[in-house]
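Everything below concerns the one structure shown next.
Nothing in this text is a laboratory measurement; each read-out follows from the coordinates by a stated rule. Quick caveat, the model's predicted, so the values are computed rather than measured. Glycine gets a Cβ as well: all are built from the backbone with ideal geometry, and neighbour counts include every protein chain shown.
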Amino acid sequence: MDVKAIAERFVALCREGNEAGEEFWADDVVSIEQMEGPMARLQGKAAVRGKGEWWMANHEIHAFEAHGPYINGTQFAVRFNIDVTAKESGQRMQMEEIGLYTLRDGKIIEERFFY
């Protein structure tokens, strides 16, 4: 698959409510968040999968939108709009986030989030 096909499939999976990364993550994928702490930079499929599982277990999602993809060379970006409540605090938030995904050999080697 070329970058465009991967990016379009990735966004389609997101829109269906599926974990899109699982299909495309490289074994040594790196995930970078704009925060401090233990989840700021994770490496490897198991670690990145665990971050997603933690997030889903600790948040109630009311609405989710994925826009894009926006492609440039071996990278693509997706804009996410998420209406979510943190279970621990009960705080409801509307989040807008950009995910930038870098590919090598048809696999995501890095995902970086901007919010």
Residues satisfying the stated conditions in the stretch 29-78, i.e. β-branched (Val, Ile, Thr) and closer than 14 Å to residue 100 by Cα: 29, 30, 32, 71, 74, 78
Breaking point among (1) in contact with a Phe, Trp or Tyr (Cβ under 6 Å, 6 or more places away or on another chain); (2) under 20 Å from residue 34 (Cα atoms), for residue 112: (1)
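On the given criteria, is residue 48 surrounded by 12 or more Cβ atoms within 10 Å (Cβ to Cβ), under 14 Å from the mean Cα position of the chain (by Cα) and either polar (S, T, N, Q) or closer than 14 Å to residue 113 by Cβ (or both)?
Numbers: surrounded by 12 or more Cβ atoms within 10 Å (Cβ to Cβ): yes; under 14 Å from the mean Cα position of the chain (by Cα): yes; either polar (S, T, N, Q) or closer than 14 Å to residue 113 by Cβ (or both): yes.
When the stated conditions are applied, residue 48 passes them.
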In the stretch 1-26, residue farthest from the chain's Cα centre (by Cα) [restricted to those that are loosely packed, with under 13 Cβ neighbours inside 10 Å and free of Cβ contacts under 8 Å to residues at least 12 places away in the same chain]: 2
Residues located in the stretch 48-78, provided they are closer than 17 Å to residue 17 by Cβ, in a helix (DSSP H, G or I) and of a type outside the set (Lys, Arg): 52, 53, 55, 56, 57
Number of the condition not met by residue 60 [criteria: (1) in contact with a Ser or Thr (Cβ under 6 Å, 6 or more places away or on another chain); (2) surrounded by 13 or more Cβ atoms within 10 Å (Cβ to Cβ)]: (2)
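With surrounded by fewer than 12 Cβ atoms within 10 Å (Cβ to Cβ), touching a residue at least 40 places away in the same chain (Cβ under 8 Å) and closer than 21 Å to residue 10 by Cα as the only criterion, which of 68, 73 stands out?
Numbers: 68 fails: surrounded by fewer than 12 Cβ atoms within 10 Å (Cβ to Cβ).
The unique qualifying residue is 73.
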Per-region count, the stretch 80-114, residues under 17 Å from residue 54 (Cβ atoms) and touching a residue at least 24 places away in the same chain (Cβ under 8 Å): 7
Which numbered condition residue 53 fails, given (1) of a type in the set (Asp, Glu); (2) surrounded by 14 or more Cβ atoms within 10 Å (Cβ to Cβ); (3) free of Cβ contacts under 8 Å to residues at least 12 places away in the same chain: (2)
